[in-house]
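This report refers to the structure that appears directly beneath it.
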Amino acid sequence: MAQHDPCVPMSTQYQSAVWPQNETQAAAVMAAIERVERTRGRPVYTKVEKPKRWYDAEWYHQSYNNKNKARLAAAFGVFVLNNIPHGSFPGQEPLKTVLGGAVFLSLLPQLVSPFDCLLSMLD
C-alpha cells in the first residue's frame, strides 16, 4: 500500500489485490487495511482474495525494472548526444545509432509478437 493509493477506486484491470497464503498473512493484511482506512478516513479498494494458481509472465515482462533501467539509460544517452555539438568527439554519431538501436530492440518483443519465440531463444 506504500506503492500506490489504495483508497482510489480503479478499473478491474488496475485494481490492487492481495492473496494471503495463510491465516497469519490474512490477519496482517486485514489489520493493515483497517489501519489505512482509519488513518485516511476513506475505504480501501484493495481486494483480499484466496490464493490463485500462479502463472509466470512472458519472458520479456520479467525483470521489467532492470530492463527498463537499461532502456532509460540508452534513451538518455541518445538525448545527451543529440544536445551536444555535432562532432564533439570521435564516434559520436555511431554511438547515437547504437544506443537508439538498443532502445528499439528492447521494445521489439512488445511491438511485434512473432519475434517472441525468436527472441526468447536469445534470452
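Results, tabulated for the structure shown:
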item: Candidates Ala17, Ala27 - the one that is under 17 Å from the mean Cα position of the chain (by Cα) and exposed (fewer than 14 other Cβ atoms within 10 Å of the Cβ); result: Ala17
item: For Asp116: the one exception among (1) within 21 Å of the chain's Cα centre (by Cα); (2) modelled with pLDDT of 85 or more; (3) assigned to a helix (DSSP H, G or I); result: (2)
item: Yes/no for Glu34 being open to solvent by 70 Å² or more (accessible area, probe 1.4 Å) and at pLDDT 90 or above; result: yes
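The values are calculated or read from the model by the stated rules, or taken from the named source; none is laboratory data. If you're wondering where the values come from, they're calculated on a predicted model, not measured in any experiment. Please note: Cβ atoms are built from the backbone with ideal geometry, for glycine as well, and neighbour counts cover all protein chains shown. Accessible surface areas use protein heavy atoms only, side chains included; no ligands, DNA or RNA. Shrake-Rupley method; radii C 1.70, N 1.55, O 1.52, S 1.80 Å.
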